[in-house]
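Accompanying notes for the structure given below.
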Amino acid sequence: VDHVTDLLAWNGAFERFMRPTALLDAEPPNLLRYTFLKPASRRLYRDWGATARGQVGDLRAASSRLQQREDVKGLVEELCARSSEFERLWAMQDVGEHRRGITRLVHPMVGQLDLQFEVLIVSGPSEYRLVTYLPVDDVGSVTLARAVAEASDRPALRMVDRAPA
């Protein structure tokens with residue numbers, strides 16, 4: 001995931017699990033656009049408000065880094081024009097870097113599922129985040145395994161082409 005929440009790469013299990021949620025429909029998929037512009041996100045995130053606030057706080061933190069400001073500015077302008085909820089949260093000026101936590105979902109195929117996430121931030125001229133998700137309990141492990149059972153039929157890793165135009 002990059003600093004403006006574009007998903008740049010994911011594995012087959014993530015593809016299988018997230019495809020029914022509409023997150024991967026855009027090219028490239030973007031977490032903020034999905035959360036604020038796709039009605040499906042409100043069905044997916046059990047606590048949509050907390051998820052939205054967290055994502056905006058992460059973006060606000062990214063906007064403080066000089067090398068990322070212009071990219072962030074463009075996304076912020078787009079989302080403010082298209083979502084009054086994003087505009088309201090952005091105006092609150094909350095800053096946060098969420099490196100771990102629990103995402104509470106209602107998946108369209110398997111129902112309620114809580115996933116613990118950990119974020120590794122890789123800094124350099126560009127900043128990237130490697131996010132891992134694991135079930136919080138044994139019931140979640142079985143549920144997730146059922147949801148991604150066909151993932152082995154897909155490529156092991158999917159990467160978005162980011163070649164310059």
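Take every Cα pair under 8 Å whose residues are at least 6 apart in sequence, average their separation, divide by the length of region 1-152, and the relative contact order is 26 percent. Applying 0.36 nm per residue to the separation of His98 and Arg146 and subtracting their alpha-carbon distance, the gain on full extension is 14.5 nm.
Quick one: Cα centre-to-centre distance for region 2-44 and region 68-132, in angstrom? Cα centroid of region 2-44 versus Cα centroid of region 68-132: 11 Å apart.
Per atom type, the chain shows carbon and sulfur on 53% of its accessible surface, probed at 1.4 Å. Here the relative contact order of region 7-95, from alpha carbon pairs under 8 Å that lie six or more residues apart, stands at 25 percent.
Could you work out the longest stretch of the chain that avoids the trypsin sites (Lys or Arg not before Pro) located in DSSP loops with at most 15 other Cβ atoms within 10 Å?
Counting only loop sites that pass the neighbour cut-off, the longest clear stretch is 100-161.
Solvent exposure of the chain, expressed per residue, is 57 Å² of accessible area, with all protein chains present and a 1.4 angstrom probe. With r defined as the distance between the Cβ atoms of Asp25 and Val106 and R0 fixed at 22 Å, what FRET efficiency is calculated, to the nearest 0.05? E(calc), rounded to 0.05, equals 0.75. Extent along the principal axes, Cα only, for region 17-113: 41, 27, 24 Å, with the longest axis given first. When you filter the GluC sites (Glu not before Pro) in region 1-106 for DSSP loop state and at most 16 other Cβ atoms inside 10 Å of their Cβ, you are left with Glu97. Between the labelled values [x] 57, 50, 41; [y] 47, 41, 26; [z] 42, 33, 25, the entry that holds Cα extents along the principal axes in Å as derived from this structure is [z].
The values are calculated or read from the model by the stated rules, or taken from the named source; none is laboratory data. If you're wondering where the values come from, they're calculated on a predicted model, not measured in any experiment. Quick reminder, even Gly has a Cβ in these numbers, built from the backbone with ideal geometry, and neighbours come from all protein chains shown. Heads up: the accessible areas ignore ligands, DNA and RNA and are worked out on the full protein's heavy atoms, side chains in. Shrake-Rupley method; radii C 1.70, N 1.55, O 1.52, S 1.80 Å.
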